[in-house]
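Okay, so here's the structure we're looking at.
The values are calculated or read from the model by the stated rules, or taken from the named source; none is laboratory data. All figures in this text were calculated on a predicted structure; none of them were measured in a lab. Positions of Cβ are generated from backbone atoms using ideal geometry, with glycine treated the same way; all protein chains shown enter the neighbour counts.
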Amino acid sequence: MPGSEQAEQPALTLDVFLRLADFVRARVEPLASGRGPSFDDTSRALRGLHHQVLGLASARVHFERCAQTSDPFERLRTEFAVCVAWSRLRGIAWEWQDHPGYRPEFDRETWRLAPVESPPTGERR
């Protein structure tokens, strides 16, 4: 049907993913680390959020896995892991929409992953 084609969505690149992760980390780290080793509920919640952000940011390894696999099921699994991490980081970043460092690309809900070049042979698999 003419005019019913949807524009292809831009691909989620590792650079965009890392920009979001770095943005969130820069907002959360000072809050969590400035509290010291206290054991009040707010400090615990902030440390927990900080650890969540660090864990989600580590999803960058899934980009490499996608480049290394030719198995469609493995690629689907790794793409899903990246999309989940993106969604969770995006939800945290949303709280800072009024921050000058917040970018419109952080508002994207869904992505397809951009191809990533494989590391040279002999490096980590």
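General observations
- The C-beta contact set for the range 81-110 (first residue assigned to a helix (DSSP H, G or I), second residue of a type in the set (Ser, Thr, Tyr), distance under 6 angstrom, 6+ apart or interchain) comprises Trp96/Tyr102.
- Cross-chain or 6+ apart pairs with Cβ under 7 Å, the range 68-79 first and touching a residue at least 24 places away in the same chain (Cβ under 8 Å) and more than 13 Å from Leu113 (Cα to Cα), then small (Gly, Ala, Ser) and not in a helix (DSSP H, G or I): Gln68/Ser118
- Flag for Arg60 being more than 16 Å from Ala11 (Cβ to Cβ) and out of contact with any Cys (no Cβ under 6 Å at 6 or more places or on another chain): no
- Enumeration of residues in the range 10-60 that are touching a residue at least 12 places away in the same chain (Cβ under 8 Å), assigned to a loop (DSSP other than H, G, I, E, B) and under 20 Å from Val82 (Cα atoms): Pro10, Thr13, Ala59
- Residue within the range 98-114 that is at pLDDT 85 or above, hydroxyl-bearing (Ser, Thr, Tyr) and more than 11 Å from Leu12 (Cβ to Cβ) present: yes
- One residue stands out in the range 51-66 among those that are surrounded by fewer than 17 Cβ atoms within 10 Å (Cβ to Cβ) and more than 18 Å from Arg108 (Cα to Cα): the one that is nearest to the chain's Cα centre (by Cα), namely Ser58.
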